[in-house]
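To keep things clear, I will list the structure first and then write my remarks on it.
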Amino acid sequence: MEQSSYVYILASGRNGTLYTGVTAHLSRRIHQHREGRISGFTQTHGVKRLVWYGVYTSLHDAIHAEKQIKRWRRSWKLALIEKLNPQWLDLYETLNS
């Protein structure tokens, strides 16, 4: 049986810089971003706050969803975030509770 996979959106702050990614291990991946262990865009732009994530039954489905979201207009991404997380809270704190 395949484990769940995740598409996630990180932000530098409310309405700040956004980053969309995909992973099979959400908590571990977000921790890596927060600690600056992943060089590149998120490290350069200080994008560390988990503001949205979706759960998918397969990695294939998650990758497909990530590619779609990356092509969305910024306003659509903001609406997606605010539907689940209107206060732009850091959802990382809720992952292991």
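Quick notes on this structure:
- For the range 71-79, the criterion of being among the hydroxyl-bearing types (Ser, Thr, Tyr) and either touching a Gly at 6+ places or on another chain (Cβ under 9 Å) or closer than 20 Å to Ser12 by Cβ (or both) is satisfied by at least one residue.
- Boolean, Val55 is touching a residue at least 24 places away in the same chain (Cβ under 8 Å), part of a loop (DSSP other than H, G, I, E, B) and among the β-branched types (Val, Ile, Thr): no
- Options Ile63, Ile38; residue that is assigned to a helix (DSSP H, G or I) and of a type in the set (Val, Ile, Thr): Ile63
- Residue check: Tyr92 meets all listed conditions (1) touching a Lys or Arg at 6+ places or on another chain (Cβ under 8 Å); (2) assigned to a strand (DSSP E or B) but one, namely (2).
Readers should treat all values here as calculations from the given coordinates under stated rules, not as data from a laboratory. Fair warning: this is a prediction, and the values are worked out from it, not measured in the lab. Ideal geometry is used to build each Cβ from the backbone, glycine not excepted, and the neighbour counts take in all protein chains shown.
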